[in-house]
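For reference, the structure is listed below as structure tokens.
The values are calculated or read from the model by the stated rules, or taken from the named source; none is laboratory data. As the structure is a computational prediction, the values presented were derived from the model and not from experiment. Cβ atoms come from the backbone with ideal geometry, glycine included; neighbour counts cover every protein chain shown.
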Amino acid sequence: MKVKGVIFDLDGTLINSLEDITDSLNKVLKRHSLPVHSISTIREWIGGGAQMLIRKALAMEKPDDDFVKLILGEYREEYMRNCTRRTYVYQGIPDLLSTLSAKGIQMNVLSNKPHELTREVCQHFFRDWNFKIILGQRDQVPRKPDPSAALEIAKNIGVKAENIMYIGDSGIDMETGRNAGMMTVAVTWGFRPKDELISYKPDVCIDEPAELVLFLNGRH
């Protein structure tokens, strides 16, 4: 295949946002006198979107839908205010993005993070690179691993799915890329252990961004 486009997951793939997510969530939980959670526990919950994160955090409380919506709204407000405080771009990602750009490969982001938050974070950390399309979770579009948003990106950038590489750090990402008919690339520097990623049988598994450059040099 000739790689003409890439779709990156965001959290755990391009950025390590774990501390800001943890701090924001626990601040809201404390406000309501609810149990807080460790950073290692919250790491396991990230990937399914903000609503899923809240439901897992409140699982022992058996909340009704209205309470989930309340906590979700407060979490989104808190995280929007603090989404760049302790978050950082993974080492090697800037060089990877510059290489992809130089090769003329179209770069995109698809996250289960709420849409406005996704755009806010990308604008802050990646303003030096030209991402064609940045999409977060939108109410009218099924969240990953449904392929709808990935295929929407492919259509809008004018690249066939088989010429797009889907890059992420979770099983959800591998399923999304596979469901969309794209090449799947698992990265092991994110929030999921390597053996878990391998169990999803990605097309490629890499331990650092530079490995993707080497792979692309043989594919482009």
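Key figures for this structure:
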| quantity | calculated |
| --- | --- |
| Selection status of I93, β-branched (V, I, T) and within 24 Å of I206 (Cα to Cα) | yes |
| Any hit, region 25-38, residues being aliphatic (A, V, I, L, M), closer than 30 Å to D203 by Cβ and either assigned by TED's automatic domain parsing to the domain that holds P147 or without any contact (Cβ under 8 Å) to a residue 40 or more places away in the chain (or both) | no |
| Residues (touching an Asp or Glu at 6+ places or on another chain (Cβ under 9 Å), closer than 27 Å to G171 by Cβ and of a type in the set (A, V, I, L, M, F, W, C)) located in region 79-125 | C83, L97, V109, L110, V121 |
| Residues (without any contact (Cβ under 8 Å) to a residue 60 or more places away in the chain, part of a loop (DSSP other than H, G, I, E, B) and of a type in the set (A, V, I, L, M, F, W, C)) located in region 137-162 | V141 |
| Subset of region 163-220 [of a type in the set (A, V, I, L, M), in contact with a helix residue (DSSP H, G or I) (Cβ under 9 Å, 6 or more places away or on another chain) and in a helix (DSSP H, G or I)] | M174, L197, A210, L212, V213, L216 |
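For (1) modelled with pLDDT of 95 or more; (2) over 21 Å from I46 (Cβ atoms); (3) touching a helix residue (DSSP H, G or I) at 6+ places or on another chain (Cβ under 9 Å), each residue gets a yes or a no:
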position	(1), (2), (3)
S101	yes, yes, no
M107	yes, yes, yes
L110	yes, no, yes
K113	no, no, yes
C122	yes, no, no
I134	yes, no, yes
R138	no, no, yes
R143	no, no, yes
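Here's the yes/no breakdown for (1) surrounded by 15 or more Cβ atoms within 10 Å (Cβ to Cβ); (2) touching a helix residue (DSSP H, G or I) at 6+ places or on another chain (Cβ under 7 Å); (3) more than 24 Å from R119 (Cβ to Cβ); (4) assigned by TED's automatic domain parsing to the domain that holds P142:
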residue: R43; (1), (2), (3), (4): yes, yes, no, no
residue: G48; (1), (2), (3), (4): yes, yes, no, no
residue: K56; (1), (2), (3), (4): yes, yes, yes, no
residue: M60; (1), (2), (3), (4): no, no, yes, no
residue: Y75; (1), (2), (3), (4): yes, yes, no, no
residue: E78; (1), (2), (3), (4): yes, yes, no, no
